[in-house]
């Protein structure tokens with residue numbers, strides 16, 4: 001655990017630049033914050049277990065505006081962030097010992113949610129040299145066993161920033177169809193795709209699984225969250241969407257079991273339809289600039305390799321070190337430049353395959369451009385010292 | 001499911017008196033509501049996974065004021081309501097197939113949380129004639145097997161309203177100690193005990209498991225929630241407290257896995273130390289009056305038996321019917337008096353033993369006294385009609 005080391009450094013007066021976590025510094029939309037100022041409901045009682053009706057209607061409107069007019073509120077369960085949605089999906093789909101295919105490197109917390117259901121994550125490798133895009137169909141199919149219940153993927157991807165091409169999403173849909181598997185799509189970074197990119201066509205944007213839901217209604221599950229999209233990580237509101245009625249009945253039963261998501265958070269979230277397009281345009285431009293700053297800066301450091309991420313606000317970066325966990329610790333305990341250091345997430349945490357990711361780190365670009373430039377400078381200086389040790 | 005029937009009745013213009021759920025109508029304290037008006041934090045980002053630091057400190061102060069000065073923030077995990085705390089406790093303590101002893105009738109959602117962990121609830125009977133107080137030690141010990149991991153009890157009790165005597169709590173502590181079991185105490189109704197009562201001494205109040213935590217530090221787990229205490233069911237804030245470091249390490253890991261509880265809800269909750277004692281005194285007086293109205297009214301209906309509950313805001317009531325589920329449905333679908341009816345929770349839902357609770361209902365007294373009187377009148381009239389069918 002690096003957090004206690006970071007806390008110690010801060011207590012000693014060291015400034016720590018956090019490239020390790022995806023907690024955005026972008027402002028929450030005014031339309032959402034206004035809910036707090038205008039609050040009248042008293043007492044603050046339970047919402048409906050499935051979700052506050054106003055929020056369910058707003059979510060429906062949001063998906064309809066995206067072009068998916070078939071989405072109905074009956075197909076939804078509001079969740080305590082994307083986290084609870086993932087846990088519910090694992091519990092609804094897997095018996096202990098069942099397997100779910102994921103693409104390595106993957107979001108570390110998938111392990112927690114799988115763990116609750118006793119499910120086993122089976123990973124298929126993706127590699128830095130191809131920008132962490134998906135491997136061939138045959139390599140994925142090779143991992144399917146009698147216990148495989150689902151394929152889970154994140155698009156755009158945390159931790160790699162990869163936005164999958166249409167042909168990649170269609171390949172996954174095809175595999176799910178052929179083998180009768182659930183396809184779980186984590187699309188919490190949907191709005192964060194930065195055109196133009198050599199691999200992801202400028203006009204394409206994010207390729208949502210919603211475009212395939214009607215073709216595979218019993219097997220596709222969308223996992224979504226407002227946290228990143230509206231810079232509201234601290235309001236814990238996500239949603240699970242599927243046309244599979246049996247699955248949703250199970251998920252809704254779990255929703256009833258924990259009674260309700262937060263009423264205030266849901267009322268804030270319900271304003272999502274009032275957030276103007278200009279908000280996203282501005283946010284997207286800002287993240288794109290940050291990505292470019294980081295991408296350019298990192299690739300100038302000798303021995304550092306950073307593929308250009310197409311979306312989200314993460315990138316997996318190769319460093320000229322053998323044990324990035326040791327390096328990340330050392331940054332917090334030993335390295336200082338004018339009383340400052342930088343915090344990174346060691347790569348191994350995003351892999352289950354032993355030995356993988358040891359020369360990688362995940363970097364989140366949720367700091368302003370000036371701080372990002374300083375972070376890159378700190379990393380460069382740190383590597384110079386560390387490699388001479 | 002009765003909720004769709006109630007919704008249909010309402011759509012047809014029928015007024016439904018809800019005695020079926022424990023969603024209080026008492027106002028949320030002004031000290032808490034003020035947090036919304038005064039909100040400044042922007043963006044609304046993640047809180048610490050263990051809990052917002054301000055809230056953890058407030059909780060510590062609250063338990064210290066109750067007289068338990070040993071409670072430290074390191075022993076806590078803030079949860080999404082009491083619900084998540086129960087789920088985390090089951091997951092931390094039980095492997096699939098492990099058993100947890102509960103006292104029948106019990107809070108129906110215990111089943112959901114046990115289910116997530118694959119744990120089996122083993123019930124020990126309590127009966128209406130003794131006010132649902134605990135049975136003898138030997139009867140409880142008879143249910144202990146090699147798979148038993150814990151005893152879970154709710155004090156004051158949902159659904160019975162029973163406040164356990166000091167000797168009962170001590171008996172459970174003794175059994176846990178002797179057999180090396182965890183003792184899980186759900187005390188979300190702690191403040192709701194109404195003296196004087198013939199069975200529960202006037203001066204005693206609620207007997208908290210915290211008074212025994214230092215004697216059995218490795219085995220006692222407190223499950224708590226602010227929902228009922230401050231009439232904030234819609235802010236999803238609870239807490240798990242234990243001195244067992246290994247257990248809490250597991251619970252905190254689950255906390256990290258789902259990232260954070262809601263920041264706004266936690267900041268509201270953090271004001272709990274500012275809520276004056278007069279708030280509770282007023283709330284307690286109001287609930288006591290409601291209990292008395294309901295107790296007197298129900299016992300005047302021929303064939304109805306209602307023991308006097310000592311705490312919480314529920315009572316289990318015996319009705320002169322064979323199938324209370326059928327009766328509760330009929331109330332919603334058929335019975336009308338001046339366009340009004342009453343909704344009750346069928347007793348069988350609070351039992352796992354087959355056939356038990358079929359002549360009982362759970363009643364919550366979270367309506368004002370006038371509405372409670374009308375509800376009693378409706379029930380009386382309904383029974384007259386139903387029994388002549």
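The values are calculated or read from the model by the stated rules, or taken from the named source; none is laboratory data. If you're wondering where the values come from, they're calculated on a predicted model, not measured in any experiment. Because the Cβ atoms are built from the backbone with ideal geometry, glycine has one as well, and the counts that use them run over all protein chains shown.
Tally time: how many residues in the stretch A:27-52 are at the interface with chain B (Cβ under 7 Å from one of its Cβ atoms), surrounded by fewer than 18 Cβ atoms within 10 Å (Cβ to Cβ) and part of a helix (DSSP H, G or I)? Qualifying residue count for the region: 1. Selection of the stretch B:116-149 for residues being over 17 Å from residue B:353 (Cα atoms) and under 18 Å from the mean Cα position of the chain (by Cα) yields B:131, B:133. The set of residues from the stretch A:59-70 being touching a residue at least 60 places away in the same chain (Cβ under 8 Å) and either within 22 Å of residue B:4 (Cα to Cα) or buried (at least 21 other Cβ atoms within 10 Å of the Cβ) (or both) comprises A:59, A:63.
Taking the stretch B:179-269 as the region of interest, the strands (runs of 3 or more DSSP E) fully inside it that hold 1 or more residues being within 14 Å of another protein chain (Cβ to nearest Cβ) and touching a helix residue (DSSP H, G or I) at 6+ places or on another chain (Cβ under 6 Å) are B:220-225, B:237-242. Test residue A:207 against the criterion of being in contact (Cβ under 8 Å) with a residue 40 or more places away in the chain and within 21 Å of residue A:68 (Cα to Cα), and give yes or no. Here the answer is yes, as residue A:207 does meet what is asked. Of all residues assigned to the stretch A:66-74, at least one qualifies as being modelled with pLDDT of 95 or more, assigned to a helix (DSSP H, G or I) and either under 29 Å from residue A:360 (Cβ atoms) or in the same structural domain as residue A:236 (by TED's automatic domain parsing) (or both).
Taking the condition touching a residue at least 12 places away in the same chain (Cβ under 8 Å), closer than 30 Å to residue A:56 by Cβ and within 21 Å of the chain's Cα centre (by Cα), does residue A:311 pass? Answer is yes for this residue.
Every condition in (1) more than 19 Å from residue B:150 (Cα to Cα); (2) more than 8 Å from chain A (Cβ to nearest Cβ); (3) surrounded by 21 or more Cβ atoms within 10 Å (Cβ to Cβ) holds for residue B:280 except the one numbered (3).
Identify, please: which residue in the stretch B:79-100 is over 17 Å from the mean Cα position of the chain (by Cα) and more than 17 Å from residue B:248 (Cβ to Cβ) and is, among those, surrounded by the fewest Cβ atoms within 10 Å (Cβ to Cβ)? The selected residue is B:97. Of the residues making up the stretch B:339-355, those that are modelled with pLDDT of 95 or more, under 16 Å from residue B:327 (Cα atoms) and over 18 Å from the mean Cα position of the chain (by Cα) are B:340, B:341, B:342, B:343. Restricting attention to the stretch A:316-343, the residues that are buried (at least 24 other Cβ atoms within 10 Å of the Cβ) and under 27 Å from residue A:206 (Cα atoms) total 2. Among the residues of the stretch B:3-25, write down those that are part of a helix (DSSP H, G or I) and surrounded by 15 or more Cβ atoms within 10 Å (Cβ to Cβ). Result: B:5, B:6, B:9.
Does residue A:55 satisfy the criteria of being under 30 Å from residue A:286 (Cβ atoms), assigned to a helix (DSSP H, G or I) and within 9 Å of chain B (Cβ to nearest Cβ)? So residue A:55 fails the test.
When the stretch A:112-130 is filtered for residues that are closer than 23 Å to residue A:363 by Cβ and at the interface with another protein chain (Cβ under 8 Å from one of its Cβ atoms), only A:112 remains.
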